[in-house]
Amino acid sequence: MSSLNAQQQQAMDDYFRCAAIEIGEAAHEASKGIADAIASFESSRGE
């Protein structure tokens, strides 16, 4: 396997770092949505 030069390696590192940040943000939004849905369900059941 050929080794990457420093510029290619940096580009890949940046790409994966950005992808990880986007995945983390999406997971955070999803977990907030799930928590809101559970809270809504529980409050509607309690009444």
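No lab work stands behind these numbers, since they all come straight from the coordinates. Worth saying up front: this structure is predicted, and the values here are computed from it rather than measured.
Applying the Karplus relation 6.51 cos²θ - 1.76 cosθ + 1.60 with θ = phi - 60° to region 6-17 yields 3J(HN,Hα) values of 4, 5, 5, 4, 5, 4, 5, 4, 4, 4, 5, 5 Hz, where x marks Gly and Pro. Rounded to the nearest Hz, the phi-derived 3J(HN,Hα) couplings of region 41-46 under the Karplus curve 6.51 cos²θ - 1.76 cosθ + 1.60 (θ = phi - 60°) are 4, 5, 5, 6, 6, x, where x marks glycine and proline.
For the Cα trace of the chain, dividing Rg by the Kirkwood Rh returns an Rg/Rh value of 1.47. Scalar couplings 3J(HN,Hα) for region 25-37, obtained by applying the Karplus form with A = 6.51, B = -1.76, C = 1.60 to θ = phi - 60°, are 5, 5, 5, 5, 4, 5, 5, 5, x, 5, 4, 5, 5 Hz; x denotes Gly and Pro.
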